[in-house]
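The values are calculated or read from the model by the stated rules, or taken from the named source; none is laboratory data. What you are looking at is a predicted structure, and each value in this text was computed from that prediction instead of being measured. Please note: Cβ atoms are built from the backbone with ideal geometry, for glycine as well, and neighbour counts cover all protein chains shown.
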């Protein structure tokens, strides 16, 4: 009796094994269906703790928490060379469905000024998630009450008005270029190493004006250490409804920083689609809107692969123009 | 009196068991991160930050702050024991600390390093408590021209770091300045001397370079000239805590140094864009200037260890003054802390002291507690730490090589950095063999980029006039001191000559 039972169990097991194999074989799983089978590497070409890093860790955490992807996404920081080092590394992973990279406007502009072979458009566009804004700051006791005061002063003293910003050929520098063009003035742009140093220079009176993202100057603004003369956005910000735009004040200058994610060059479309879908879900969560967008006074804007590709192409064209005007593009 | 009330309020917060525990844990993690070459406080705080979002903000910031100053303690351990600075603020500690270890005084060096760190930190916290917000505003007066003049003052002092052969010292310093020009130039945005290598666009990676220059080069020396190390095996026999206590003479020599370096370090820490590394370098130079026997420094003077350690800890505290009262990060690590504070919905800045006194004073009070706990733990660990020196050289050497490789790689996760480290190791080896002073090179490599940028920013501010360096009082006084200090050796030589001249005439 026991013997028979035993053989029955044995036969059943063999059958089960065969059935299992057959099942596996008949499905003929394509990489599309199985993707992602292993963790995805998210390269942040900036240091830990910076704006790109903060966004990356928030995205990864929300994906994990809500299981938007069946595999984890791992953040790897590859800082240096204004993003160039990380970009170069990812550029070598042609066709890799498991490597994505954070992209911000500085990575679009730096390759233009340094004439580097790897550009932001080298990568496969996945999605743009948010836009960051730019404030023009002055000290509260400054003689400048509005952009008009600045322009009048700059016209009377061409090239004498100093304006601080982060880096050369950067977002802040391009804002300066756009403002100069729109108002027909010439300012002396002085680059500093990071937003903290820029605001210090303004507070210490070493420069007369300075650029900052809303999140960079939120505390100084709240504490009355600085005042905002204008925002480069197309319309007033929800978080700062009292701050007039450049356009309102008669200067047609708009600039916003893109915060986006691209894939390795020639990343397969199925991977792009999967990740873009997950990112769209991320931007729709309450946590993203509250803890990321609101806290950093960003503008939420999801662009899918096609729209984002268009945005990058437009940005490259626009940036080349601005940077050429500033004399920063090598001929 | 108001301050006392606030401080009491703060201690009420800081002495809650959970906060004491996390101050201790953070400090301990800081020590470990600091001791591991390549991992610094920036990476440590950045990695820990996301884990703290679920915690109570006060507890979280207490832990992260403890990690930052604990890091300053830890950096000295690997610097003294194996001559690999765990983090860049520890570079100057390695100079004298490792020499002391080679003389069999590792225990005392560590004891002094930890005590100096503690005292430096304590003085820093007291200054922060009493007049932090006020000083933060004063720090703003320091603009590009002042920085340029400060670095000129520091570089003219390199003369004292040169060693026996001044020409070699000048060469080493000049090579450092030239290496500092590599990378994308901040002002023009164009790459210089990168030879098309993307990895060089951010300049010579400093930590891998230093790890090679100090750590790898010493292994090469050990292997190539083993006869010089023969008989020096296990120089440190006694491993007890009491034998690690520095002698009264050591304390007497170091006491003033610690106080002076703490004040200097705190001040450097609150300046925009300069932190513990610059503080340690500058106070080491100051020590070299002001010490009665400057030639002892670099050859195992315990004051050298004290100067660097007191300064870097005080600077890490100083960086909190502009962070809390202006919302401006003074260093890379505090920049990340700022991000964390914003995530918790706390906006550092002028209003924070008024709106969240419990939080601010809790943090400040926790620094007293955390510093004490970390110092006690570190000192108690000394007998175990010096066991490293009992490891036979044949075993230690390959381990050091592995640590160098791991440390160099972990900074930027870059293979290129390994080559930099190995190159720097060879460079260090030859500099050592031909007695070129390594500190002169490191110093100008650290200060060089800032000097160039500050000078050019100043010229942009003044629209091309060099007078900007002279018509600003702080800058002018710094330049005057530099000028006098450069003339001093010539002046004293001239005076000596004049005094001996009549004497020579009299004998004629």
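Observations on the model:
- Single residue of the range A:133-165 satisfying the filter (more than 14 Å from chain B (Cβ to nearest Cβ) and under 30 Å from residue A:83 (Cα atoms)) that is nearest to the chain's Cα centre (by Cα): A:133
- Selection within the range B:199-222 - surrounded by fewer than 22 Cβ atoms within 10 Å (Cβ to Cβ) and free of Cβ contacts under 8 Å to residues at least 60 places away in the same chain: B:202
- The range A:37-69, residues that are farther than 29 Å from residue B:335 by Cα, touching a helix residue (DSSP H, G or I) at 6+ places or on another chain (Cβ under 9 Å) and surrounded by fewer than 19 Cβ atoms within 10 Å (Cβ to Cβ): A:37, A:66
- Matching helices (runs of 4 or more DSSP H) fully within the range B:1-101 where at least 3 residues are surrounded by fewer than 20 Cβ atoms within 10 Å (Cβ to Cβ): B:2-14, B:17-35
- Residue B:299 vs. criteria in contact with a helix residue (DSSP H, G or I) (Cβ under 8 Å, 6 or more places away or on another chain), more than 14 Å from chain A (Cβ to nearest Cβ) and not in a helix (DSSP H, G or I): yes
- Which numbered condition residue A:304 misses (of (1) in contact (Cβ under 8 Å) with a residue 40 or more places away in the chain; (2) within 14 Å of chain B (Cβ to nearest Cβ)): (2)
- All positions within the range A:91-105 that are out of contact with any helix residue (DSSP H, G or I) (no Cβ under 9 Å at 6 or more places or on another chain) and either within 14 Å of chain B (Cβ to nearest Cβ) or buried (at least 22 other Cβ atoms within 10 Å of the Cβ) (or both): A:92
- Within the range B:312-346, being surrounded by fewer than 22 Cβ atoms within 10 Å (Cβ to Cβ) and in a loop (DSSP other than H, G, I, E, B) holds for B:344, B:345, B:346.
- Screening A:278, A:297 for residues that are part of a helix (DSSP H, G or I), buried (at least 17 other Cβ atoms within 10 Å of the Cβ) and under 20 Å from the mean Cα position of the chain (by Cα) leaves exactly one candidate, A:278.
- Residue list for the range A:47-70, restricted to those being within 11 Å of chain B (Cβ to nearest Cβ) and part of a loop (DSSP other than H, G, I, E, B): A:47, A:48, A:49, A:50
- Among the candidates B:156, B:129, B:181, the residue that is surrounded by fewer than 20 Cβ atoms within 10 Å (Cβ to Cβ), more than 14 Å from chain A (Cβ to nearest Cβ) and touching a strand residue (DSSP E or B) at 6+ places or on another chain (Cβ under 9 Å) is uniquely B:181.
- Evaluation of residue B:441 against (1) more than 14 Å from every other protein chain (Cβ to nearest Cβ); (2) surrounded by fewer than 22 Cβ atoms within 10 Å (Cβ to Cβ) (one fails), failing number: (2)
- Checklist (1) within 14 Å of chain A (Cβ to nearest Cβ); (2) under 20 Å from residue B:54 (Cα atoms); (3) surrounded by 21 or more Cβ atoms within 10 Å (Cβ to Cβ) applied to residue B:363, failing item: (1)
- Positions within the range A:204-215 being more than 9 Å from chain B (Cβ to nearest Cβ) and either modelled with pLDDT of 95 or more or not in a loop (DSSP other than H, G, I, E, B) (or both), in sequence order: A:208, A:209, A:210, A:211, A:212, A:214
- Selected residue (criterion: farthest from the chain's Cα centre (by Cα)) from residues of the range B:460-486 that are crowded, with 18+ Cβ neighbours inside 10 Å and over 13 Å from residue A:206 (Cβ atoms): B:469
For every residue, the table says whether it meets (1) modelled with pLDDT of 80 or more; (2) more than 24 Å from residue B:273 (Cα to Cα); (3) assigned to a helix (DSSP H, G or I).
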position	(1), (2), (3)
B:436	yes, yes, no
B:445	yes, no, yes
B:460	yes, no, yes
B:471	yes, no, no
B:481	yes, no, yes
B:498	no, yes, yes
B:506	no, yes, yes
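- With respect to being facing chain A (nearest Cβ under 7 Å) and surrounded by fewer than 19 Cβ atoms within 10 Å (Cβ to Cβ), residue B:372 falls outside the description.
- Selection status of residue B:18, modelled with pLDDT of 90 or more, within 27 Å of the chain's Cα centre (by Cα) and away from chain A (no Cβ under 14 Å): no
- Residue list for the range B:184-206, restricted to those being more than 7 Å from every other protein chain (Cβ to nearest Cβ) and over 15 Å from residue B:452 (Cα atoms): B:193, B:194, B:195, B:196, B:197, B:200, B:204, B:205, B:206
- Which numbered condition residue A:86 misses (of (1) within 14 Å of chain B (Cβ to nearest Cβ); (2) surrounded by fewer than 24 Cβ atoms within 10 Å (Cβ to Cβ); (3) under 19 Å from residue A:54 (Cβ atoms)): (2)
- Test: residue in the range A:147-156 that is surrounded by fewer than 22 Cβ atoms within 10 Å (Cβ to Cβ), closer than 22 Å to residue A:219 by Cβ and touching a strand residue (DSSP E or B) at 6+ places or on another chain (Cβ under 9 Å): no
- Any hit, the range A:169-186, residues being surrounded by fewer than 19 Cβ atoms within 10 Å (Cβ to Cβ), within 12 Å of another protein chain (Cβ to nearest Cβ) and more than 25 Å from residue B:201 (Cβ to Cβ): yes
- The condition of being touching a residue at least 24 places away in the same chain (Cβ under 8 Å) and either under 21 Å from residue B:185 (Cβ atoms) or surrounded by 13 or more Cβ atoms within 10 Å (Cβ to Cβ) (or both) holds for residue B:410.
- Of all residues in the range A:85-95, one or more are in a loop (DSSP other than H, G, I, E, B) and more than 28 Å from residue B:189 (Cα to Cα).
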